1. Using 0.36 nm per residue of separation minus the Cα-Cα distance, give me the extension gain between THR86 and LYS177 in nm, one decimal.
2. Using a cut-off of 12 Å between beta-carbons, work out the net charge of the residues near ILE61 (Lys and Arg +1, Asp and Glu -1, ILE61 not included).
3. Please report the Cα spread of segment 31-176 along all three principal axes, rounded to whole Å, starting with the longest.
4. For segment 31-176: lysine pairs with Cα atoms under 13 Å, gap of 8 or more or different chains, count?
5. Which FRET efficiency, nearest 0.05, do ASN97 and SER66 yield, Cβ-Cβ r, R0 30 Å?
6. Sticking with the crude label model, points 7 Å out along Cα→Cβ, report the distance from ALA30 to ILE7 in nm, one decimal please.
7. So how far apart, in nm, are the two label points at SER45 and ASP132 if each is 7 Å from Cα heading toward Cβ?
8. Full-extension gain between ASP162 and LYS73, please, as 0.36 nm times their residue separation minus the C-alpha to C-alpha distance.
Amino acid sequence: MKHKLIIIVSAVIWMGISSCQKTKNSINEATEFTINYTTTVAIPSSSISVTAPADFTSPQIPTTSSSRFAAEKTTQELIDEIKMTTFNLSNPNGNLNFLKSITIFIKTAGLPDVQVATKTNIPQGATSVAADLSGANIKDYIFKDNIQFRVTVTITTGLTADQSLKIDQTVTVKGKKIK
């Protein structure tokens with residue numbers, strides 16, 4: 001009886017150890033990391049009206065996704081999801097009082113524009129705001145070599161000077177590591 005008890009206890013301990021190893025391997029296979037991007041969008045005072053929204057496009061931004069995936073020991077095929085986790089707007093030369101609302105779309109060659117963020121309540125005197133995120137999975141955009149942002153703004157008053165919006169974004173990448 002004592003011999004059977006020792007065998008059963010040993011088997012239970014062995015199964016527990018091997019189960020922990022499987023869990024550890026599963027965790028090691030998953031990966032999550034962030035990529036940061038920064039750009040600016042110029043808003044010329046001469047081309048914007050108080051009565052209608054106006055669109056402006058950022059310069060192209062290299063995604064550097066291939067090199068970043070390699071550094072994180074993953075590949076495009078192993079990525080499940082890429083989502084914006086922060087999207088901050090600021091005016092390096094003053095406040096954002098001229099903005100009534102702003103909507104931001106990500107764009108790249110061969111794919112339709114997708115809304116990624118918006119902000120409709122911009123506090124007076126604010127020089128920086130965090131936009132509200134749409135939650136869109138933008139992995140196909142980050143897989144491309146370059147992205148751009150199309151920014152639709154509605155202003156509160158006529159602009160007397162050109163404005164510049166600095167846009168800082170963080171995307172979180174979720175996927176699996178190369179085995």
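Read the figures in this text as sums done on the coordinates, not as results from a lab. These numbers come from a predicted model, not from an experiment. Every residue, glycine as well, gets a Cβ built from its backbone with ideal geometry; the counts of neighbours run over all protein chains shown.
1. Numbers: separation 91, 0.36 × 91 = 32.76 nm, distance 2.41 nm.
Length gained, THR86 through LYS177: 30.4 nm.
2. Details: positive: LYS107, LYS144; negative: ASP145, ASP168.
Taking every other residue near ILE61 into account, the sum is 0.
3. 50, 28, 22
4. Working: LYS73/LYS174; LYS73/LYS176; LYS83/LYS139; LYS83/LYS174; LYS100/LYS119; LYS107/LYS139; LYS107/LYS144; LYS139/LYS174.
The number of close lysine pairs in segment 31-176 is 8.
5. Numbers: r = 41 Å, r/R0 = 1.36.
Efficiency for this residue pair is about 0.15.
6. Going from the ALA30 label point to the ILE7 one covers 3.8 nm.
7. Rounded to a tenth, the inter-label distance reads 3.1 nm.
8. On the way: separation 89, 0.36 × 89 = 32.04 nm, distance 4.36 nm.
Length difference between fully extended and current span is 27.7 nm.
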